[in-house]
1. Mind telling me which of B:Ala330, B:Ala147, B:Ala23 comes out most flexible in a GNM of chain B, alpha-carbon contacts under 10 Å?
2. Over all directions, average the projected area of the Cα convex hull of the range A:109-203 and note it in nm².
3. What FRET efficiency comes out for A:Arg26 versus B:Trp151 if R0 is 45 angstrom and r is the Cβ-Cβ distance? Round to the nearest 0.05.
4. Given R₀ = 51 Å, FRET efficiency for A:Arg47-B:Asp305 by Cβ-Cβ distance, to 0.05?
5. All other residues with a Cβ under 14 Å from the Cβ of B:Gly134 taken together, and with Lys, Arg as +1 and Asp, Glu as -1, what is their net charge?
6. Net charge near A:Met72: determine it from the other residues with C-beta under 9 Å of the C-beta of A:Met72, scoring Lys and Arg +1 and Asp and Glu -1.
7. Could you provide, to the nearest whole Å², the per residue accessible area of the protein assembly as shown with probe 1.4 Å?
8. Determine, from the Cβ-Cβ distance of A:Glu246 and B:Ser336 and an R0 of 41 Å, the FRET efficiency 1/(1 + (r/R0)^6), rounded to the nearest 0.05.
Amino acid sequence: MTTLDLHPATIENVPQPDFSKPLPPREGDRIIQFREALKEAMSHEMRQDERVFLIGEEVAQYSGAYKVSQGMLEEFGPKRIIDSPISENGFAGMCTGAAMYGLRPIVEFMSWSFSLVAADPILNNVPKMLYMSGGQWGCPIVFRGNDGAGGQLGSTHSWCVEGLFANVPGMKMAIPSNPYDAKGLLATAIADPDPVFFLESERMLGDKAHVPEEQYYIPFGQARLAREGDAVTLVSFGRPVNFCLEAAEKLAEEGIECDVLDMRTIRPLDIDSIIASVKKTNRVVVVDQSWPFAGISSEVITQICEHCFDWLDHQPVRVNTEDVPTPYAKGLEYAYLPNPERIAAAVKNVLA
Amino acid sequence: MTKAATAAQGNSKSRLSDKLPDAKLLEWLRSMQLIREFETRTMQAYQQAKIGGFCHIYSGQEACAVGTIGCVEHDDPVVLAYRDHGHALARGMDPKACMAEMYGKAAGCAKGKGGSMHMFDKPNWLFGGHGIVGAQTPLGTGLAFAARYEWEVIGSGKKKVALCYLGDGAIDQGAFFEAMNLAALYSLPVIYIIENNGYSMGTAIHRHSANSDNLLARGEAFGITSVKIDGLDILNVYDQFKPLVDECRDMQRPAFVDFKTYRYQGHSMSDPQKYRTKDEVDQYKQKDSIANLLDHCMSVRNCIDEDGWKEMRTEIAEIVREAVQFSENAADPDPSELFTDVYANPQPNLSPTATYAHGKKNPLL
Ligand SMILES: Cc1ncc(C[n+]2csc(CCOP(=O)(O)OP(=O)(O)O)c2C)c(N)n1
Ligand SMILES: [Mg+2]
């Protein structure tokens, strides 16, 4: 059990995980779902640290609307696995106060789409509290939930909030693309003393992969080279990383080999890995499931231009969701999202 | 009817405040006068453009901050709206740190990063003034949640009560309804203190709130003990508020207070006050809470006389003068402080343009 420092005199030197420890292997035969990986990360931190609790709609008795917290009520009891009313503004704000006091809330939004009614606490309070108080009160809080379209839920339920929310200084944003990273990034998010917006995808919760049993902490701001090639750099985050890998696979059949960078966190953004890859390939496609206007892809491309403009043989190209509200019809929704076909076309475009 | 609600009905025969020692009353008198004087000098500094931004003066409402804070422990958490100088001083903030904050100086309570509306004081358990109307109400619920969690789950704390202040304008915010629902649902020890000064900026309460004659119904709707308190008489505040605090602490559950008070100055420093008459303001000044307590101390308790009062005022004027002087001479924040206190764990690549760092230690810590 870690010592409970509920009211630290200063926020400096907050104990951090030992990131120098090598991460356990990604390969193995402990195959579990993405949702279980998330649960393991939370449960481990909750066993370590009594300040950590989980709150959200249906997280306790219902075992989570998407079964992420299955079994946690049984292990930790109703004082730490807390069913909330449908009151995002209320419980996000409540947890802001609790985090200031010294607890470590994990707030589950059933969907990030619903977090918009909590805009004031999550955007106007949490990321700014440390600054506004002149370094007196931080907000060590994790907001997590489903982000993005893909389930034919229509416009109100398909938000990709990364473009909108990452604009705010004071917060960090993590967005895993696979079960292994989901566990290691969520562990880091909970341990981090800053507010972390953790973006999952309902479409990936059932994805399966080897996930080590032990707790491990993936440092923020370190992209993973998910596939290696020298023709084009594909930069992406979250679920579309998988579309990039699909596209890269197909392109390889035509002899086009891509670097696929899974950024893993949006803030911090591992621009160094992007630069290194772009200097090798001289061509880049950024794949981003949020809208294009003033979004993550625009940010990444701006930074690429700032850092390695002269290394580019073709202007950077972005693949976003189309710049329209999310449609319902299956075919339309597929065309709306960054999909492997659109990504492959963009790659060919920068090679032309 | 609960014990607190019974007490709230008032019992003129034996008042709880009768048992308070003279020293306590004099401490409150001093504290209220300090706020009054501080606000007078704040207005002057504002008019001289030494203080910028929005600035909301607390004069007239002193009995609320001093009386209610006088009923809780030093480590009970407190959270406020933006009309927050009075509470900060009542909570024990150094007037120098408070004034320097408004001057935007490094020695301010938030190192000049917060300003008039954002007074934070960790050693005094003051979790901030908050500029968004109603935003602090879920925070207050959260402070109570955390305090109860610390006591009940972690087992390292004690039974606490959180105080959450809001204006009558803030009661119309959805956030407040959600905050009350959560507090009642989870049985959290938070007291929502509606500082009902009758106006939300220039909108009188009957023009901004439905059923405004019966605000208590809003707390009662959630099953929350709800009490109306005449907030101009600090002894009455104590008589009614202290039992409520004890009950909320003991039972670990919330309360709602419609706290009738009045502000003497405009809403903020830029308010021509066309929405009320000078007569109305004068009528309230007749019932001034400082004069009230002074009168009680002089004629009932005989614990201060004209000379003593004069001496107290002189002393206070000197403290505030020093706070102003201190702020005038204090250093501006170092330019590097622009990029500090953004992250508790500032790591590389968090921003395309900024390099973040740990800030200088806050002067209050
Ligand atoms: C969400 C929001 N809307 C509007 C404002 C602008 N505003 C600041 S104070 C205020 C009036 C609030 O009155 P009340 O709650 O009664 O507090 P008082 O000023 O009387 O202390 C308004 C409209 C704001 N700060 N936040
Ligand atoms: Mg008001």
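1. B:Ala23
2. 6.0
3. For R0 = 45 Å, the calculated efficiency reads 0.55.
4. After rounding to 0.05, the efficiency reads 0.20.
5. Values: positive: B:Arg83, B:Arg218; negative: A:Asp120, B:Asp168, B:Asp172, B:Glu178, B:Glu195.
Computed value for this residue: -3.
6. Summing Lys and Arg as +1 and Asp and Glu as -1 gives 0.
7. 38
8. The value I calculate is 0.30.
The values are calculated or read from the model by the stated rules, or taken from the named source; none is laboratory data. Owing to the predicted nature of the structure, the values given are computational and were not obtained by experimental measurement. As a convention, Cβ positions derive from the backbone with ideal geometry for all residues, glycine included, and neighbour counts pool all protein chains shown. Surface areas here come from the heavy atoms of the whole protein model, side chains and all, with no ligands, DNA or RNA. Shrake-Rupley method; radii C 1.70, N 1.55, O 1.52, S 1.80 Å.
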